[in-house]
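Notes follow once the structure below has been shown.
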Amino acid sequence: MKKILVFGSNGLVGKSIKRTFKDIYNPDEIFFSTREDTNLFSYEQTKKTIDKFQPDVLINAAAKVGGIYANNLQRSEFLIENLKININILESCIDHKETKIINLGSSCIYPLNADNPIKESSIMTGILEPTNSPYAMAKLTSIELANSLNIQYGHEVINLMPTNLYGPEDNFSEMDSHVIPGLIYKMHKAKENNEESFQIWGTGKPRREFMHVDDLAMAIQFLIERNDIKESLLNIGTGDEVTISELSLLLKKIISFDGEITFDTNMPNGNPRKLLDSSLIKSFGWKPSINLKDGLEKTYEWFKKNRIDN
Ligand code: GFB
């Protein structure tokens with residue numbers, strides 16, 4: 001029996017892990033930690049939770065996250081909070097050399113000018129994209145620290161870098177969301193109000209690779225079971241990309257919004273393209289299973305059933 005500890009269980013990724021793992025692991029094998037039981041800004045509390053549970057596998061899915069606008073605006077908080085969370089978790093692991101650490105990051109850790117599709121070897125080869133450089137810097141520090149634990153103390157570490165994620169239980173709001181929940185929230189409202197047009201941020205030209213979060217959760221389960229995979233840095237994505245304009249047209253159809261799409265070019269575009277090269281994880285036998293159209297439809301269904309202000 002493996003004991004699994006998940007930090008960040010109330011986030012998009014954590015909740016997906018919870019949904020996916022509930023049919024696979026016994027409840028006494030797994031502890032889904034949230035801010036209710038552990039304040040990750042406190043080293044003492046974080047260490048206490050890890051010391052008490054003695055996990056064989058620790059999944060670090062805890063983070064302050066947000067879309068391009070939130071990242072660009074709350075720059076200090078994104079850096080400070082993510083540094084604190086990651087340092088507290090990883091420092092608390094020092095005494096637990098047998099714990100396998102699955103440390104989640106993001107595709108924004110790669111340099112702005114990295115060749116696409118972006119290989120793991122592009123890490124630290126150039127400057128970061130400015131709208132999310134504080135978040136990326138915190139995640140890079142987390143990778144460096146996890147790798148240091150591996151080299152110095154022998155922990156098994158996989159730093160897993162997902163592409164842009166989406167799915168149910170995301171943060172659906174006007175300004176702070178990532179693009180998919182943001183557009184679902186606002187376009188649904190525009191439809192309800194019979195608006196004639198809908199403005200998306202930026203030029204619509206940036207390209208993004210979107211993956212349903214349940215595909216990530218299944219990959220994490222795959223990495224827990226496969227003890228032979230020793231990669232310290234692993235990209236994970238679908239390999240398919242769309243422009244933001246194409247995404248907005250797909251959502252327009254799913255939401256049945258009849259208005260016209262226009263562009264607010266005062267809002268930032270961010271990275272023009274960040275398609276991950278996920279051939280390494282695919283070479284071990286993992287593959288995504290949810291295509292974008294199906295995933296968006298399911299996510300919109302979830303939103304309609306669960307939104308709090310309907
Ligand atoms: O998802 P998103 O906020 O994050 O934006 P990033 C993706 C693209 O969608 C950008 C455009 O080009 C946005 O300008 N966009 C269009 C919109 N309309 C909207 C809208 O209504 N809301 C939002 N949010 N975007 C994030 C990073 O970057 O990606 C994080 O800031 C993290 O650190 C995450 O790494 C995966 O893909 O640009």
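Kindly evaluate L296 against the criterion of being open to solvent by less than 20 Å² (accessible area, probe 1.4 Å) and in a helix (DSSP H, G or I). Lay out the reasoning, then the answer.
On the way: open to solvent by less than 20 Å² (accessible area, probe 1.4 Å): yes; in a helix (DSSP H, G or I): yes.
It is true that L296 is open to solvent by less than 20 Å² (accessible area, probe 1.4 Å) and in a helix (DSSP H, G or I).
Among the numbered criteria (1) β-branched (V, I, T); (2) near the ligand (Cβ under 10 Å from one of its atoms); (3) crowded, with 18+ Cβ neighbours inside 10 Å, which single criterion is violated by V213?
That leaves (2) as the condition not met.
Out of I255, I261, I229, I180, report the one residue that is aliphatic (A, V, I, L, M), over 14 Å from the mean Cα position of the chain (by Cα) and buried (at least 19 other Cβ atoms within 10 Å of the Cβ). Spell out the reasoning first.
Numbers: I261 fails: buried (at least 19 other Cβ atoms within 10 Å of the Cβ); I229 fails: buried (at least 19 other Cβ atoms within 10 Å of the Cβ); I180 fails: over 14 Å from the mean Cα position of the chain (by Cα).
It is I255.
As an exercise: evaluate N39 against (1) in a helix (DSSP H, G or I); (2) at pLDDT 95 or above and give the number of the one condition it does not meet.
The one condition N39 does not meet is (1).
Taking the residues in the stretch 177-198 that are touching a residue at least 40 places away in the same chain (Cβ under 8 Å), more than 8 Å from the ligand (Cβ to nearest atom) and not in a helix (DSSP H, G or I) as candidates, determine which candidate is nearest to L216 (Cα to Cα).
The residue in question is F198.
Condition first: under 17 Å from the mean Cα position of the chain (by Cα) and closer than 20 Å to S107 by Cβ. Can you find one or more residues in the stretch 190-204 that meet it? Before the answer, list the steps.
Step one: list which residues in the stretch 190-204 are under 17 Å from the mean Cα position of the chain (by Cα), which gives none.
Scanning the stretch 190-204, I find no residue that is under 17 Å from the mean Cα position of the chain (by Cα) and closer than 20 Å to S107 by Cβ, so the answer is no.
As an exercise: evaluate E231 against (1) out of contact with any Pro (no Cβ under 6 Å at 6 or more places or on another chain); (2) more than 30 Å from I151 (Cβ to Cβ) and give the number of the one condition it does not meet.
E231 satisfies every listed condition except (2).
Step by step: first the residues of the stretch 148-163, then only those that are touching a residue at least 60 places away in the same chain (Cβ under 8 Å) and surrounded by fewer than 21 Cβ atoms within 10 Å (Cβ to Cβ), then the one that is farthest from the ligand (Cβ to nearest atom). Which residue is that?
Checked the stretch 148-163; the qualifying residue farthest from the ligand (Cβ to nearest atom) is E156.
The values are calculated or read from the model by the stated rules, or taken from the named source; none is laboratory data. Please read all numbers here as calculations on a predicted model, not as lab measurements. Note that each Cβ is placed from the backbone with ideal geometry, even for glycine, and that neighbours are counted across all protein chains shown. To get the accessible areas, we keep the full protein, side chains included, count just its heavy atoms, and leave off ligands, DNA and RNA. Shrake-Rupley method; radii C 1.70, N 1.55, O 1.52, S 1.80 Å.
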